[in-house]
Amino acid sequence: MNSQECSALAMPEARVARRRGHGEDAIYFAAAHNRYAGAISLGFAPDGKRIRRTVTGRTKQEVRDKLKVPAPVTPGALRLGHQHSVTIARLALRFGRKIRAAGRHQQGMSQLTLARAEALRGNPAWIGTGLRYSLTAVCAGSAGVHAALIQPHFLESRLLGSAFTVAAVALLLAALFVRQPRHDSWAIVVTTATLCVIAVSYLLSRSTGIPVLIAHAEHVDPLGTVTTAAELVGAMCGVVLMSRNARPSGKDEK
């Protein structure tokens, strides 16, 4: 017996070059155990680590046969095909990231600041901010003036005192709501109308009188004149602010 025949007998199995088949992630000879070993991927654990199944045998064929035996189902793992697998946890993680990203985008769009909204419309932001603050200041100042005059007018007439109370409360609420851009759909219109009604009421009280409330025209007083002028200016600010909010953006015009 020559040396080539002795080496052939010493090998457990002749090595033949072949393509690795499905289900054979790796089959190798483990010299430490003097046996063949094979490994196959079973997917990924919930923590993201790969799950591998390792078997051993005296020959490669024995290892292949063991690898073909269905492995126990790994909790949380979803098998896709014979070789590739993923886990439900990984799919849920990816889907959750997309949902969170979409939520952050929607939240960012819904929380646009006034400056950003004005920039999208192609208008300088400081103009809209100035108009809004002016309208708020006029409402607050007029509410304070009417509140201070409630008691004197109650002494004159309960109906007139009640009218001043309603005007003070309406102006105060208008000042609170119109300063917040999220109420623009109705607050600016209501505030502008309120200022116009109160200003016109003062002008009528000093010219022709108001039926039921003031029978005869009263004299013009400096406080009432300044307050009415401020209310008219505030009403004009409201009209300009409404026109700016209703103006389409540059993209819409195109």
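Nothing in this text is a laboratory measurement; each read-out follows from the coordinates by a stated rule. All values derive from a computational prediction rather than experimental measurement. Cβ sites come from the backbone with ideal geometry, for glycine too, and all protein chains shown count toward neighbours.
Approximating the spin labels as points 7 Å out from Cα along Cα→Cβ, the ASP65-to-ALA246 distance works out to 8.7 nm.
Of the residues CYS139, CYS237, CYS196, the one with the fewest other Cβ atoms within 10 Å heads the list, and the complete ranking is CYS196, CYS237, CYS139. When SER207, SER201 are arranged by Cβ crowding within 10 Å, least crowded first, meaning fewest neighbours, the order is SER207, SER201. Each of HIS216, HIS153, HIS183 was scored by other Cβ atoms within 10 Å of its Cβ. Listed from fewest to most, they are HIS216, HIS183, HIS153. Restrict the search to segment 126-187; then list the chymotrypsin sites (Phe, Trp or Tyr not before Pro) that DSSP places in a loop and that have at most 11 other Cβ atoms within 10 Å of their Cβ. Taking segment 126-187 and a limit of 11 other Cβ atoms within 10 Å, the loop chymotrypsin sites (Phe, Trp or Tyr not before Pro) found are TRP186.
Based on C-alpha pairs under 8 angstrom that are at least 6 apart in sequence, segment 128-211 has a relative contact order of 27 percent. In this label model, THR208 and ALA125 are separated by 4.7 nm, measuring between points 7 Å along each Cα→Cβ vector.
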